[in-house]
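> Here it is, the structure, as structure tokens.
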Amino acid sequence: MSQQAFITATSDQASGRIAFIQASWHRDIVDQCRLSFVAEIRELGYLESDIDFFDVAGAFEIPLQAQRLAHTGQYAAVVAAALVVDGGIYRMEFVAEAVISGLMQAQLATGVPVLSAVLTPHHFHSGEEHQQFFFQHFQVKGAEVARACASTIRALSLIPALPGTNLSPRVEMLTAS
């Protein structure tokens, strides 16, 4: 999908806050996602002050934080960023699957979109080549998740809330711009 296909928001349309949750492991790499997200979401009509930033220990802690933030009714969307790598102690696939499944469950349970920039490379090592690759890759992913976030908020705002949903009045108001 080309960048032109994404909906941009005017200052009147860019309503609702965004929660950005970031795992602390590999912070120098994952920070690139956050910085790129902020730069891109600003281009799409949001202000940096529309975003609340949350740090968690690791990727495994993100789904609970996302669900609790979504339940507050203060956020039009929640974004998660982490790098899950094979540390040699446990199988990273189990962590990655639990995180992505948890993020999906959180958005389905709350009606608030939870977007993922949680990446799990097949092979990651601390060599300069991999560090540089993922440093740049997270810059790309930050911009992509910003466009997906703005587009999803706008698309959901066009759908009327169904009676009997578990969306709080605050969430309905935030997504209906």
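> Check whether at least one residue in segment 118-139 is out of contact with any Leu (no Cβ under 8 Å at 6 or more places or on another chain), under 23 Å from PHE20 (Cα atoms), modelled with pLDDT of 70 or more and surrounded by 22 or more Cβ atoms within 10 Å (Cβ to Cβ), and report yes or no.
No, that holds for no residue.
> Okay, next question. Report, by residue number, each residue of segment 62-78 that is among the β-branched types (Val, Ile, Thr), out of contact with any helix residue (DSSP H, G or I) (no Cβ under 6 Å at 6 or more places or on another chain) and modelled with pLDDT of 95 or more.
Within segment 62-78, no residue meets the criteria.
> In segment 16-86, which strands (runs of 3 or more DSSP E) lie fully inside it and hold 1 or more residues that are under 14 Å from THR110 (Cβ atoms)? Explain how you work it out, then say what you get.
Values: elements: 17-23, 51-56, 75-83.
Strands (runs of 3 or more DSSP E) meeting the threshold: 17-23, 75-83.
> Could you identify the single residue in LEU115, LEU103 that is buried (at least 19 other Cβ atoms within 10 Å of the Cβ), farther than 21 Å from LEU47 by Cβ and at pLDDT 75 or above?
Testing whether each residue is buried (at least 19 other Cβ atoms within 10 Å of the Cβ), farther than 21 Å from LEU47 by Cβ and at pLDDT 75 or above leaves just LEU103.
> Quick check on ALA59: is it within 18 Å of ARG147 (Cα to Cα), among the small types (Gly, Ala, Ser) and either crowded, with 21+ Cβ neighbours inside 10 Å or in contact with a helix residue (DSSP H, G or I) (Cβ under 8 Å, 6 or more places away or on another chain) (or both)?
When the stated conditions are applied, ALA59 does not pass them.
> Restricting to segment 32-87, what's the tally of residues that are aromatic (Phe, Trp, Tyr) and over 19 Å from ALA155 (Cβ atoms)?
Number satisfying all stated conditions: 3.
> Considering only segment 42-58, state which residues are aliphatic (A, V, I, L, M) and under 12 Å from the mean Cα position of the chain (by Cα). I'd like the intermediate steps shown before the answer.
Pass one, segment 42-58, residues aliphatic (A, V, I, L, M): 44, 47, 51, 56-57.
Passing the criteria: only ILE51.
> Which pairs have Cβ atoms under 9 Å, sit 6 or more apart or on different chains, and link a residue in segment 114-140 that is farther than 24 Å from GLN67 by Cβ to one that is of a type in the set (D, E, K, R) and at pLDDT below 70?
If the second residue must be of a type in the set (D, E, K, R) and at pLDDT below 70, the pairs left are PRO121/ASP86; HIS122/ASP86; HIS123/ASP86; PHE124/ASP86.
The values are calculated or read from the model by the stated rules, or taken from the named source; none is laboratory data. Everything numeric in this text was worked out from a predicted model, so none of it was measured. As a convention, Cβ positions derive from the backbone with ideal geometry for all residues, glycine included, and neighbour counts pool all protein chains shown.
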